[in-house]
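A.B. asks: Take this structure first; my questions come after.
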Amino acid sequence: MLTLVMVTVQLVFGGLTPGPVDADVAQPDTERRLLRRVDRASYLLGPGDVLQVVVEGGCTEAMRASGVSPLSVCTVSCDGMISVPGIGRVEADDRTIDQVETALRSLALEYYPRIGLGLSLTRPRAVRATVRGLVDSPGSYQLTAVNTVSELLKAAGGPSVYASRRGTMLLESGDTLSVDLTVDPSTMEYVSDPFLRNNSVVVFDICPSPVFVVRSSRLVLPDRRVVPAVETWDIDPPEDLGRFLERTGGLAGNVDLSRSVLLRESTGRALWNPSAGLLREELLPGDTLMLVLLSDSVAVSGAVRNPGKQPYTPGFTVREYVSLSGGSDEMADLDDTRLLHEGRVLMEGEEALSFVPSPGDVVEVPYTWIAKHGDYITAMSMTVGIISILYNITGK
């Protein structure tokens, strides 16, 4: 159904509750899902990281006798060192995978002139990070060192309604990293989404220059990503609608742009015009994009056994949607069935039953006159019965 809902949002700092929210986030596919994007030249190792050392080309008997194994699994120790049997130990803490691999190769070449070594991360270390400010569930969360700030925000339930997508990450050392979870149009990645550090604190404050994106309800996308009914995005004026959509990753969901509007000071302008295309309008702080969503279902109401929404199936007629709803009730008046499109009667009567509706249409199956006026008929029958009894008693 095409729906346009005006949502009034009050500024509620419900996320700023006293006391930490402690949650261990279960992520069974963390390694498989995240290791593909770990940058060997930027990921900084630390105590608890598990790495795999491979001797390229295998080991000679002499190497085996010295304790070298074709495949070794090593863990960065609490003092930041990594030890490889038969080769030695090197500093790993706060160094990249590539840097540690180079150091191990140099060390190994001192003993085995033709040796080749490969180093890879097999299991990232666990970290505990805290998120504060305008988030749904502020507190401390246990994730891994290959998780990023955006994933910490997701674990905390997402940003609050008025939260900025830009924040800061305070490191244990006292240094600060910037966080910017808007999209870089050239890469379609977040502008700044750093890896989590142990005992780091991420803070999201109120959005200073907001544009609000309002839908009729929250969306659950095929990738299980949840889009809330109301989103707040930072803008960098001057910025038009096209640039804003690029930087926010586009409009999720099945949106009818021609019926969606830019709302400013109680006046609205359509986001899309068939002749002019996308609205060429500079956005201002406080603007609201009211989005009309096109449903992928057909609603069946009235005298059917199971009224409600039925999944849209191309080519299905009104009669078939009535059948999917359990069929008509015994008191239904199918000859007066109505099909409504965008709130207006598109067709009614017998011909409506063979018509093919569109997504979002509503089918109304009315009750017969007798069913609708049953109480009135019962009352009239009782009245007539009483009059008849009184007439027989009085003989008048």
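A.B. asks: Skipping prolines and chain starts, which residues have an amide H placed within reach, meaning under 5 Å, of the one on Ser164, given they are 5 or more residues away or on another chain?
C.D. replies: Asp205, Ile206, Cys207
A.B. asks: For the range 231-243, just list the computed ³J(HN,Hα) in residue order, Karplus coefficients 6.51, -1.76 and 1.60, θ = phi - 60°, integers in Hz, with x standing in for Gly and Pro.
C.D. replies: Listing the rounded values in order: 10, 10, 10, 6, 10, 10, x, x, 8, 8, 4, x, 5 Hz.
A.B. asks: Taking amide H positions as placed in the peptide plane 1.01 Å from N, state which residues far from Gly139 in sequence (5 or more) or on other chains have amide H under 5 Å from it.
C.D. replies: Long-range HN contacts for Gly139: Val21, Val131.
A.B. asks: Another question, then. Size of the dipole of the range 127-290 about the Cα centre, Lys and Arg at +1 and Asp and Glu at -1 on the beta carbon, nothing else charged, in debye to 20? Write down the numbers at each step before the final one.
C.D. replies: Values: 16 positive and 21 negative charges, 107 e Å.
Magnitude of the dipole: close to 520 debye.
A.B. asks: Grab the beta carbon distance between Ala41 and Thr267, set R0 = 41 Å, and tell me the FRET efficiency rounded to 0.05. The partial results should precede the final answer.
C.D. replies: Working: r = 51 Å, r/R0 = 1.25.
It comes to 0.20.
A.B. asks: If you place +1 on the Cβ of every Lys and Arg and -1 on the Cβ of every Asp and Glu, how big does the dipole about the Cα centre of the range 39-123 come out, in debye to the nearest 20?
C.D. replies: Dipole about the Cα centre, nearest 20: 260 debye.
A.B. asks: Can you list residues whose amide H is under 5 Å from Leu117's amide H, if they're 5+ apart or on another chain and H is modeled 1.01 Å from N?
C.D. replies: Glu56
A.B. asks: Okay, next question. Scan the range 74-141 for GluC sites (Glu not before Pro) in coil per DSSP, keeping those whose Cβ has at most 11 other Cβ atoms within 10 Å, and list them by number. The partial results should precede the final answer.
C.D. replies: Working: sites: Glu91, Glu101, Glu110; in loops: Glu110.
The qualifying sites are Glu110.
A.B. asks: A follow-up question, please. So what J values fall out for the range 321-326 if you push phi through Karplus, 6.51 cos²θ - 1.76 cosθ + 1.60 with θ = phi - 60°, rounded to Hz, Gly and Pro as x?
C.D. replies: Karplus values, whole Hz, x for Gly and Pro: 5, 5, 5, 4, 8, x.
A.B. asks: Using the Cβ atoms and a cut-off under 12 Å, what net charge is assigned to the surroundings of Pro285, where Lys and Arg are +1 and Asp and Glu are -1?
C.D. replies: Combined, the nearby Lys, Arg, Asp and Glu give -4.
A.B. asks: Right, here's the next one. So, counting K/R as plus one and D/E as minus one, what does the shell of residues with Cβ under 14 Å around Val76 add up to?
C.D. replies: Net charge in that neighbourhood comes out at -2.
A.B. asks: What distance in nm separates the simple spin-label points at Thr187 and Ala229, each placed 7 Å from Cα in the Cβ direction?
C.D. replies: 3.6
A.B. asks: Separate question: Between Leu171 and Glu61, what is the label-point separation in nm under the 7 Å Cα-to-beta-carbon projection?
C.D. replies: 5.0
A.B. asks: Residue-wise, which Karplus ³J(HN,Hα) couplings in Hz belong to the range 297-309, taking 6.51 cos²θ - 1.76 cosθ + 1.60, θ = phi - 60°, and x for glycine or proline?
C.D. replies: So the Karplus estimates, Gly and Pro as x, are 9, 10, 8, 10, 10, x, 7, 10, 6, 10, x, x, 8 Hz.
A.B. asks: Related question: Along the Cα→Cβ direction, 7 angstrom out, place labels at Ser323 and Ser209. What is the inter-label distance in nm?
C.D. replies: Roughly 5.8 nm, to one decimal.
We did not get these values from a lab; they are worked out from the coordinates using the rules stated. The structure displayed is predicted, hence computed values, not measured ones. Every residue, glycine among them, receives a Cβ derived from its backbone with ideal geometry; neighbour counts consider all protein chains shown.
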